[in-house]
Each structure stands twice: as structure tokens, then as C-alpha cells.
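> One structure is given below, represented as C-alpha cells, and several questions about it will come after.
The values are calculated or read from the model by the stated rules, or taken from the named source; none is laboratory data. Quick caveat, the model's predicted, so the values are computed rather than measured. Because the Cβ atoms are built from the backbone with ideal geometry, glycine has one as well, and the counts that use them run over all protein chains shown. The accessibility values were calculated without ligands, DNA or RNA, using every heavy atom of the protein model including side chains. Shrake-Rupley method; radii C 1.70, N 1.55, O 1.52, S 1.80 Å.
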Amino acid sequence: MSVDTTELPLFPLSTVLFPGGQLSLRIFEPRYLDLVKRSARSGEGFGICLILDGREAGEPAIPAALGTEAVIVDFAMTDDGLLGITVEGRRRFHVERTRVRDDGLIHGEVTWKPEPGPAPLRDEHALLSVLLARILDKAGIEHDGVGKGDLADAAHVAWRLAEWLPLASPERQQLLQLDDPHARLQWLVGRLPDFQPE
């Protein structure tokens, strides 16, 4: 059985981008400057994957097999004269195969992960909506209120808490790989005691 794949340039990073999340990047390597130019012209995204082995700069790193499509939503010059971009996470994908181009840019043949539609928070996860609302209030970010709008949606609450809580990158990757938003929330419930002040 053949699987329909899409070719996607990959940008391995030491962080995880979640669907609906934003990430600011400083671009200085020629391969990624070219990638950003092409992406800006075409409006097409590229893939962000957590680095499993290697570093962000220099030799091509080994990316995780599951990542998130990134679309550029803003440009700016940084204080040190580098190109700064802000990307937003869209769809998750699975990398089936990779190849490294002559310029060192990794291209992946990817399949898109199906995403379930909006799912309401379950009663056992209602506390997570309260927690996210408090975090957003402290950060000065407007929201609809506890249990309303996005804060009533299981996937949204899980993704945003995965961004805001002090998790290690491998833990964030583990959450990205879970397909069920309720399973993500349950995983976060299990970690909450670790974030309580002593």
C-alpha cells in the first residue's frame, strides 16, 4: 500500500513547536536564509523537528521523525543585524524519509497526521483550564475565560500548557507525538505535582 507523501524542507531545532504556537527564530546560516526566502515568496511552510543528535548550526543534525509545519507570520531585523522571523505551528507530520541537499538543507518526505476536531475538556481536566487561564493572566494575554472558547478545547489547553510549563524538550516531544488530546492532558495532570512550589 503506497502512502501519499509531501516534500517538506526541515529545520531541526533544540525546541519543539506545537500546533497553534509561535516561535521566534534568528536566521544566519545560508541554507536557512534561502529556505526563509523561498517560504516567504511561496507562502508555503517548512517543518520544525526536535534535534535528536547534533546541533542547530553546522553539520546537518538528526531530526525527530515527528514535527510541526511552520508558517512565517512576521519578519524583523534583530539588534545584532540578523534576520528574525516569527513562525506559527500548523499541522503535525511524520517524516518517512530524508535526504540532505548539497547546501546542507534536509528535505523530508512527510505524511500529515490526522487531527481530531474540537473536543471539550473532560471534568477530570477542568483544573488545567484554570491553570492555563492563570498563566495567561500573568503573561498579560487575553482569553475568553476558564472553560470558555479555546480554554474549553482539550487540544488547545494541552498545546498551550505544553508550551508554558517548564518541561524538558524530550517531554515536549513526547506530548507532540500523542495523537489524543485527552491523553496529553492526562500526562500533564501527572506532572503537575512536580511544578508545585516547595
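> Could you list, in sequence order, all residues of the range 3-26 that are part of a strand (DSSP E or B) and of a type outside the set (Phe, Trp, Tyr)?
Of everything in the range 3-26, those that are part of a strand (DSSP E or B) and of a type outside the set (Phe, Trp, Tyr) turn out to be Thr6, Glu7, Leu8, Pro9, Leu10, Pro12, Leu13, Gln22, Leu23, Ser24, Leu25, Arg26.
> If you check every pair at least six apart or on different chains, which have Cβ atoms under 9 Å apart with a residue in the range 112-130 that is farther than 15 Å from Ala183 by Cα and in contact (Cβ under 8 Å) with a residue 40 or more places away in the chain first and a residue that is open to solvent by 70 Å² or more (accessible area, probe 1.4 Å) and not in a loop (DSSP other than H, G, I, E, B) second?
Trp112/Arg91; Lys113/Arg91
> Also: Being out of contact with any Phe, Trp or Tyr (no Cβ under 8 Å at 6 or more places or on another chain) and surrounded by 11 or more Cβ atoms within 10 Å (Cβ to Cβ) is the filter; apply it to the range 95-105 and report the residue that is farthest from Arg38 (Cα to Cα).
The selected residue is Glu96.
> Here is a further query. Restricting to the range 140-157, count the residues that are at pLDDT 90 or above and open to solvent by less than 40 Å² (accessible area, probe 1.4 Å).
Qualifying residue count, the range 140-157: 6.
> Sticking with this one: Does the range 1-41 hold any residues that are of a type in the set (Gly, Ala, Ser) and farther than 17 Å from Thr111 by Cα, and which are they?
Residues satisfying the conditions are Ser14, Gly20, Gly21, Ser24, Ser39, Ala40.
> Filter the range 58-85 for residues that are surrounded by fewer than 15 Cβ atoms within 10 Å (Cβ to Cβ), among the polar types (S, T, N, Q) and in contact with a Leu (Cβ under 8 Å, 6 or more places away or on another chain) and give the result.
Those that are surrounded by fewer than 15 Cβ atoms within 10 Å (Cβ to Cβ), among the polar types (S, T, N, Q) and in contact with a Leu (Cβ under 8 Å, 6 or more places away or on another chain): none in the range 58-85.
> Further, regarding this structure: Show the residue pairs meeting these rules: Cβ distance below 7 Å; 6+ apart or different chains; first residue within the range 132-154 and farther than 15 Å from Gly20 by Cβ; second residue part of a loop (DSSP other than H, G, I, E, B) and open to solvent by 50 Å² or more (accessible area, probe 1.4 Å).
Ala133/His143; Ala133/Val146
> So, in the range 165-198, how many residues would count as being over 20 Å from Glu124 (Cα atoms) and under 18 Å from the mean Cα position of the chain (by Cα)?
11
> Let me ask you something else. Tell me, which strands (runs of 3 or more DSSP E) lie completely within the range 27-144 with 3 or more residues that are over 14 Å from Pro12 (Cα atoms)?
The strands (runs of 3 or more DSSP E) meeting that bar are 66-77, 83-100, 106-112.
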